[in-house]
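Novice: I have a structure I would like to understand better, so I am pasting it below and will then ask my questions one at a time.
The values are calculated or read from the model by the stated rules, or taken from the named source; none is laboratory data. All of these numbers come straight from a predicted model, not from anything done at the bench. Cβ atoms come from the backbone with ideal geometry, glycine included; neighbour counts cover every protein chain shown. SASA here: full protein model, heavy atoms, side chains in, ligands and nucleic acids out. Shrake-Rupley method; radii C 1.70, N 1.55, O 1.52, S 1.80 Å.
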Amino acid sequence: MHTLRQLSALIRLSLYDLYRRKDLVIVTILAVVVLVPMSFATPFGIKGASRYLNEISLLLVWLFVLVIAMTRTARIIPTEIDSRTIYPLLAKPASRTVILLGRYAGVLIASLSVLLLFYGLYALINTMKSAFFPWEVFIQALLLHISFVILVTALALLGSLFFNSDANLSVSGILIAGMILYGQQLPVLAAEHSLPIRAILHILYWLAPHCELFDMRTRLIHHWPAIPWLACFCIFLYALAYAAFCFGIATWLFNRKKV
Amino acid sequence: MNFPLTITLLILPPCLLFSTSNLIENSSARCGYSVHPQQGQGDNLLDIIAGDTRTIIGNALLEKAEAYYHGGLTDHGDCSLVTAGEGHDHNHHEDERDSVQSSAWRDPWSYLNAQLQTKAHVHLDKAEELLPWYWAACEASPHNIQALEAAAYALAQMAEKPQAALQLLEKGIRDNPYNVTLELSRGEILIKHFKDFKNAETAFLAAYQKSLHEKASKDDILKAKALFYLGYITKHRNDLNALQQWQQIARETMSLDLLSIRNLLELN
C-alpha cells in the first residue's frame, strides 16, 4: 500500500509536469493550424474528400504523441541528475526501482492521456462527418498505438541511462523511424550482403523493436476490415514484453548507477 | 572599410557569378550536357530553389494517389490507374500471404506484419478522394506529365468534370509547351466529352507538329496516335482528300507495324 501511494505521487508529478509545460496546448494548436485550412480546401473545385484529411490527422497524432512521449521520457533521469532534483527523491524512503517505475508510469500515463485525447477527437469528428465509422478497426488501432507508446517510452527510459537527453532522442528516434520504414525489409537487405553485415542485419531484425507492427493507419483510413484479435493481442503482448525487458535493464542499471 | 572597396565587394561577386555561370553553360552545352540539373525545367524562383526536389515530391504524391485508387495498397504491381478496368489477377497477394503464414514460427515479425496487410484489392470509384493528391502532385511538379494526365483522367472519367480536366491540361500545355501527350489528351477529351471536333483537330494538329519538333521526345506511338486522330476527324467531316493526305504522310514517314497507323490506313 505504501509503495502504491509512492507510485501514485510520482505519477501525479509527471501529469502535473506535462500539463504545466503546455506541450499539449502547443501541439493541439499546431494540429488545428494544419488541419483547419486543409479541411476547407476543394482541389479542382470538387468537395467531398475526407480520407486525405484522416491520413494527415493520424500522421500528426503519431508524430505529436511520439514527440511528447520521447521528450518526456528522455528527460526523466538526465535532467533530474543535472538539476540535482534526484537527491530529494532518493532521500525519500522509496527504493530506486519504485522511483524509476513511478517516473516511468507517470510519463507513460501522461503520454497515453494525450493519445486518448487525440483519438477521441478523431472519432468524434469522423462520426459527426460520416454515417459509417469502423469502430472495431479504430479500437484495434488505438490498442496498438497504446502498445507503441508503452514500447517507445520504455526504450527511451533505457536510453536515458546511457546518454544525455539530446543524444537519447536522436538515437531512439533513428532506431524507431528506421524500424518503421525498413523493419520488414531487413531480411531482404541481409540476403543481399555478405557475412559480417548480414549477421548484423539479422541480429537487428530479431532484437530491434518492430515499430512497424503498431501502425494501423492505412487500415483505418481506407476502411479495411479488422485484423484477427489474436494477432492484435500478440502484438500488444510483444510490446509489453519488450517494454518489461527494457525496464528491467533500466532498473538494474539505475540501481547500480552512482549518483 | 573604405567606400570604393565596399562597392567593389558588393558588385564583383554577382558579376563574377553571372559571367562564370554563362561561361559554364555555354561550354557545357557544346559538350552535350546540362549544367543546371537541379533547376528542373522551369525558370521560376521555386524551380531554381527546389529543383528536382519538386519532381520527387510530385512523384511521391502521385504514388499516394495511385495507392488511394487501389484502396490504400501501395504494393499493387502494375495495376495502375491507366490500366484500371482491364481485368487483372489479384490472387497473387493471397498466394504471397499463404506462404508467409506457413513461416509464422520461423519469422513471427513478418507473419504479424502480413496479418496487418489486407487481402482485398479494391478499386476506388470515388474520384474526390484521389483528387487532393493529384492536385498536390500537379502543384508540386508542373512538369510531371504523368500526374497531369492521371489527374485529367480522374476529373474527366471518374468525377465527370471534363471542363476542369480541360483547364488542367491547358495549364499543363502552357507549362510544357513541347509535350505531345498533353495535346493528345486534350483532343481526346474534346472529342469524347464535348464532341468538339473542330478544336480537337486543332489539338491533334498541334500534337503532330510538336512531335516533329526537335525538343519533343521522339515517340513514334504518340505521333502515330496524332495522325490517326487527324485522319479520323477528316473522315468524320467527309473530307476524303485530307484523309488521303494524312494516310500518305503516315505511309511515307511511319512504320506500318504501329496499330494507330494500321487503323488510320483502314479508314475509308
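Novice: Could you list, in sequence order, the residues of the range A:1-33 that are of a type outside the set (Lys, Arg), open to solvent by 50 Å² or more (accessible area, probe 1.4 Å) and over 19 Å from residue A:89 (Cα atoms)?
Specialist: A:19, A:25, A:26, A:29, A:30, A:32, A:33
Novice: Something else about it: For the range A:201-222, enumerate the residues that are open to solvent by 80 Å² or more (accessible area, probe 1.4 Å) and of a type outside the set (Phe, Trp, Tyr).
Specialist: A:203, A:207, listed by residue number.
Novice: Can you name the residue in the range A:147-171 that is open to solvent by less than 10 Å² (accessible area, probe 1.4 Å) and hydroxyl-bearing (Ser, Thr, Tyr) and is also farthest from residue A:257 (Cα to Cα) among such residues?
Specialist: Only one residue tops the list, namely A:147.
Novice: When only residues in the range A:20-63 that are part of a helix (DSSP H, G or I) and of a type in the set (Gly, Ala, Ser) count, which is nearest to the other protein chains (Cβ to nearest Cβ)?
Specialist: The extreme case among them is A:45.
Novice: Sort out which residues of the range A:58-85 are within 18 Å of residue A:24 (Cβ to Cβ), open to solvent by less than 50 Å² (accessible area, probe 1.4 Å) and among the charged types (D, E, K, R), and write them in order of number.
Specialist: Once the filter is applied, which keeps residues that are within 18 Å of residue A:24 (Cβ to Cβ), open to solvent by less than 50 Å² (accessible area, probe 1.4 Å) and among the charged types (D, E, K, R), the range A:58-85 yields only A:72.
Novice: Can residue A:58 be described as touching a residue at least 40 places away in the same chain (Cβ under 8 Å), of a type outside the set (Val, Ile, Thr) and either touching a Gly at 6+ places or on another chain (Cβ under 7 Å) or farther than 24 Å from residue A:150 by Cα (or both)?
Specialist: no
Novice: Residues that are modelled with pLDDT under 90 and closer than 16 Å to residue A:251 by Cα: which helices (runs of 4 or more DSSP H) entirely in the range A:81-165 hold 3 or more of them?
Specialist: Helices (runs of 4 or more DSSP H) meeting the threshold: A:86-91, A:96-129.
Novice: Within the range B:117-131, is there a residue that is without any contact (Cβ under 8 Å) to a residue 24 or more places away in the chain, within 13 Å of chain A (Cβ to nearest Cβ) and open to solvent by less than 60 Å² (accessible area, probe 1.4 Å)?
Specialist: No, the range B:117-131 contains no residue that is without any contact (Cβ under 8 Å) to a residue 24 or more places away in the chain, within 13 Å of chain A (Cβ to nearest Cβ) and open to solvent by less than 60 Å² (accessible area, probe 1.4 Å).
Novice: Hey, residue A:182 hits all of (1) open to solvent by less than 60 Å² (accessible area, probe 1.4 Å); (2) within 19 Å of the chain's Cα centre (by Cα) but one; which does it fall short on?
Specialist: Against the list (1) open to solvent by less than 60 Å² (accessible area, probe 1.4 Å); (2) within 19 Å of the chain's Cα centre (by Cα), residue A:182 comes up short only on (1).
Novice: In this structure, does residue A:198 turn out to be touching an Asp or Glu at 6+ places or on another chain (Cβ under 8 Å) and open to solvent by 50 Å² or more (accessible area, probe 1.4 Å)?
Specialist: No, not satisfied.
Novice: Further question: Kindly indicate whether any position in the range B:146-163 is within 7 Å of chain A (Cβ to nearest Cβ), at negative phi and not in a helix (DSSP H, G or I).
Specialist: yes
Novice: Of all residues in the range A:137-154, which are of a type outside the set (Ser, Thr, Tyr) and closer than 11 Å to residue A:104 by Cα?
Specialist: Of everything in the range A:137-154, those that are of a type outside the set (Ser, Thr, Tyr) and closer than 11 Å to residue A:104 by Cα turn out to be A:150, A:154.
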